[in-house]
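**Q** This structure is in structure tokens; I'll ask about it shortly.
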Amino acid sequence: MTLRSELPLEQVAGPGLATALNLASLGLLVFGVVSQFRPGLGGPHLAAGALLVVATSAWLGWVVTRGRPGSWVPVAALAVMACTGGALAAFAPLALVFPAVATLGTTIASRLPLAVAVITAGMTATLVSSVAVGHDLAVVLGGLAACFAGMITGISRRQGVERAEHSARVATETARAEVERARAELLEERNHLARELHDVLAHTLSALSLQLEAFGTVVDAEPGAGEAVRAQLERTRHLVREGLDEARGAVRALREDVRPLAEQLQGLCARHQARFTSAGDASPLGPRAALGLYRATQEALTNVVKHAPGASTTVDLRYEPARVRVTVDNATAAAPPGPLARSGGGYGLRGIAERLAEVGGTVQAGPSHAGWQVVAEVPRPA
């Protein structure tokens, strides 16, 4: 298992402050080490200076590259730091901080066996260097103590990171479960509304339709009934049938079991005697987006009946790469406005705009070269 190499300090203070503290610690360490071995041009002093340069460079390389997941460069930099710092400890005991920090970083970033390998390399370099300059083994023992302290601290921090990650995973799973629970409750409520709508509105319209059929039978049997009464009765029957279709469509939408949008619009255009065209890849839309486009088309066709009765009307459905668009075009009115032209209050299109805005869509209405045009569109699902 690969763990993140960032220290907990970076999670608390941010990577910028953590890097600044690392560099400040390195600067103080270099100053202390230089004060102990006093650089010069002699052989031992020159060797100590070279080891310090390499150890410092390795530390800087580790600080710069340790945020890269899966990279071998930070571990290699820590190994070099442990070896050169361990060798430098024979000239300046304070340099034991290098292998101790290398052990700390390796323990946090990698498996424990790799940290043991880094300790071994650092202590071997310390032992060889101490024997070469004629020192006793006190420096080696001090290095061992420092490295084990770094390992213990690294294990503690690594466990802290693991606990934090585990807590984050638990919190994420809890939030996901809460979202799923809320979604299940929403679906249950939608199903409840669908049942109520079906049981109340659809049944009521069905009963009204039956009453109209019975009334139509009476009118047909009555020799004195005029053609105007029969025509109005047929119109009422038609409106009731439309209401039943709308109620069923609303139930399907609430249950997220809607028919394809093109099929719905084709049926709507047939009822309004409008020409329907469709183009593009008819991939499924979400139920709310499809219902929004359907309602926009329905509102536009209803306004044609009110304000431009008899005008030729075209409904064009376009499936574009990023959006789905419905355009309703009607020519100039072929007859004076109908008696319902003053009904309503201009709230129809406003309500459609609000409905489409909920799914990221828009609606626009205005004059066109032929008469009037309404354009509604919604974004396509990714």
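A quick yes/no check of all residues on (1) touching a Gly at 6+ places or on another chain (Cβ under 9 Å); (2) modelled with pLDDT of 80 or more; (3) part of a loop (DSSP other than H, G, I, E, B):
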| position | (1), (2), (3) |
| --- | --- |
| Gly16 | no, no, no |
| Leu28 | no, yes, no |
| His45 | no, no, no |
| Trp59 | yes, yes, no |
| Gly70 | no, no, yes |
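**Q** If you don't mind, another one. Answer with yes or no whether Ala145 is among the aliphatic types (A, V, I, L, M) and surrounded by fewer than 20 Cβ atoms within 10 Å (Cβ to Cβ).
**A** When the stated conditions are applied, Ala145 passes them.
Conditions (1) modelled with pLDDT of 80 or more; (2) under 52 Å from the mean Cα position of the chain (by Cα); (3) outside the structural domain of Leu112 (by TED's automatic domain parsing); (4) of a type in the set (Val, Ile, Thr), marked per residue:
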| position | (1), (2), (3), (4) |
| --- | --- |
| Leu127 | yes, no, no, no |
| Ser130 | no, no, no, no |
| His135 | no, no, no, no |
| Leu141 | no, no, no, no |
| Ile152 | yes, yes, no, yes |
| Glu165 | yes, yes, no, no |
| Arg169 | yes, yes, no, no |
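**Q** Could you list, in sequence order, the residues of the range 77-130 that are in a helix (DSSP H, G or I), among the small types (Gly, Ala, Ser) and within 25 Å of Gln159 (Cα to Cα)?
**A** Ala77, Ala79, Ala82, Ala100, Ala102, Gly105, Ala109, Ala115, Ala117, Ala121, Gly122
**Q** If I filter the range 270-289 for residues that are in contact (Cβ under 8 Å) with a residue 40 or more places away in the chain, within 18 Å of Arg350 (Cα to Cα), outside any strand (DSSP E or B) and not acidic (Asp, Glu), do I get at least one hit?
**A** Yes, the range 270-289 contains a residue that is in contact (Cβ under 8 Å) with a residue 40 or more places away in the chain, within 18 Å of Arg350 (Cα to Cα), outside any strand (DSSP E or B) and not acidic (Asp, Glu).
The values are calculated or read from the model by the stated rules, or taken from the named source; none is laboratory data. For clarity, every value in this text was computed on a predicted model and none was experimentally measured. Virtual Cβ from ideal backbone geometry, glycine too; neighbours counted across all protein chains shown.
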